[in-house]
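These notes concern the structure reproduced below.
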Amino acid sequence: MEWDWEFVRQILPDLFSGLKITIIATVLGAAFAAVGGLVFAILRRSGNRAVARSASFLVEFIRGTPLLVQLYFIFYVLPDLGIRLPALLAGVIGIGLHYSTYAAEVYRSGIENVSRGQWEAAKAVNLSVRQTWVHIILPQAIPPMIPALANYLIAMFKETPLLSAITVLELMNQAKSLANSNYRYVEPMTIVGVFFLVISLISVMGVRMLEVRFAPKDDR
Amino acid sequence: MTDWAGYIGLIIDGAFVTLSLTLCGSAVALVAAFLAGLGRLSRFTAVRALAVTYVEFFRGTSIFVQLFWVYFVLPLFDISLSPFQAGVLVLGLNVGAYGAEVVRGAIKSVPREQFEACIALNFTQYQRMRYIILPQALPLMLPTFGNNAIELLKATAVVSLISLSDMTFQAQIVRAQTGNTFVPFLTILVLYFIMSTVISRAIGLYEKRITRGLDGVRS
């Protein structure tokens, strides 16, 4: 099997347009997950037992089932209930919802890691609930979360090829259709692999930097 | 009236494929994780480099891309794998790469004095690993291994895209034949959830078993 550079040059523009969709889906999905995760984390802390229980169950359920099947569910089942979503939107919702359950876990541990004394001190100096959260808890809880959240961002990026299964024309789908119409699999599939490898290696380096930057200060 | 019994049977067939994929994949992953995890702690630079390359490569690319590459590109190099073999291989190697980091982290978190004590007692390297280090490191690995096994179970759904008739594939067939979307997809969601619950319970029980007697030894 020969590696054909001419063919590579031919398909690169299409692959780049696929990469653009991949990145758009990742960014939108991440935004969805960041907000959704916060909602899940707050619901799980709710004083109302029924709310907390059902939020926990939902999180467990979403984490315990494959993203691909959830995407199928959103893409094929919702239209029967009268909700018709464009493929990309369905994909963003699916991937965002899936990762919001992971983000919720990060938020939860981040919030729980703020020591009890901080809550008590806030109460002692008579801060309101809002002031406690905004000025005391969140500024301490968020920095340690950042590397973990960034890791999930990379994981999300690597899951976006699944969107090709619900007809989103992202990188993987572009590669597949190019491969099928030209009967050449080596170049498209390899280039997709290289794209993913390069982008995630760069982002992993970024995460390492974040980890150093936001490393918990050892003051024990 | 749709003959649901037959269609549910189809999905159950798929469930067995999913189960055997998960089991075989986990077995490959476990071996790969220990080989690469111990390899990363090796004295030899070449072994370390090999292990790091393996881990970074499989963690860096998407499992989907790996699967397609193995299934469509390897045959061009005269290596033809059945969808099941390709699935087990890719799932195992992919999750194994994540497991390798777990193995490495757990072994490194065993206190240094334990290693030094082994040297003082003139243990061989094998004895040191087998009797001293691993029994202490294993309980640390288990919870993450459980999560990895669940990730592997979830990743098996991707194999349906290279036409292996697992649960997700069968659900798509049922959808195509009946036109009903809700029943097949809800059924497999519930089945997947049951399987992942079983995995996490089983790991929890096993963890309890092997940490028996370690109470009070560590915080």
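The values are calculated or read from the model by the stated rules, or taken from the named source; none is laboratory data. Because the structure is predicted, anything quoted here is derived from the model rather than measured. Counting neighbours? That spans all protein chains shown, and the Cβs are built from the backbone with ideal geometry, glycine included.
Values as computed for the structure displayed
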{"read-out": "Sole residue being part of a helix (DSSP H, G or I), under 23 Å from the mean Cα position of the chain (by Cα) and not acidic (Asp, Glu), chosen from B:Leu76, B:Leu35, B:Leu81", "value": "B:Leu35"}
{"read-out": "So A:Thr160, is it among the hydroxyl-bearing types (Ser, Thr, Tyr), part of a helix (DSSP H, G or I), facing chain B (nearest Cβ under 8 Å) and touching a Ser or Thr at 6+ places or on another chain (Cβ under 9 Å)", "value": "yes"}
{"read-out": "Members of segment A:65-124 found to be modelled with pLDDT of 90 or more, polar (S, T, N, Q) and not in a loop (DSSP other than H, G, I, E, B), listed by number", "value": "A:Gln70, A:Ser100, A:Thr101, A:Gln118"}
{"read-out": "Selection count where residues are outside any helix (DSSP H, G or I) and without any contact (Cβ under 8 Å) to a residue 60 or more places away in the chain, scope segment B:171-188", "value": "2"}
{"read-out": "Members of segment A:1-18 found to be within 13 Å of chain B (Cβ to nearest Cβ) and under 25 Å from the mean Cα position of the chain (by Cα), listed by number", "value": "A:Leu15, A:Gly18"}
{"read-out": "Top-ranked residue of segment B:1-34 - restricted to ones that are farther than 20 Å from B:Leu153 by Cα and free of Cβ contacts under 8 Å to residues at least 12 places away in the same chain, ranked as surrounded by the fewest Cβ atoms within 10 Å (Cβ to Cβ)", "value": "B:Met1"}
{"read-out": "Selection count where residues are within 8 Å of another protein chain (Cβ to nearest Cβ) and either in contact with an Asp or Glu (Cβ under 6 Å, 6 or more places away or on another chain) or in a loop (DSSP other than H, G, I, E, B) (or both), scope segment A:165-185", "value": "1"}
{"read-out": "Residues satisfying the stated conditions in segment B:107-128, i.e. within 26 Å of B:Val52 (Cβ to Cβ), without any contact (Cβ under 8 Å) to a residue 60 or more places away in the chain and under 30 Å from the mean Cα position of the chain (by Cα)", "value": "B:Ser109, B:Val110, B:Pro111, B:Arg112, B:Gln114, B:Phe115, B:Gln125, B:Tyr126, B:Arg128"}
{"read-out": "Failed item in (1) of a type in the set (Gly, Ala, Ser); (2) more than 9 Å from chain A (Cβ to nearest Cβ); (3) surrounded by 23 or more Cβ atoms within 10 Å (Cβ to Cβ), with B:Ser62 passing the rest", "value": "(2)"}
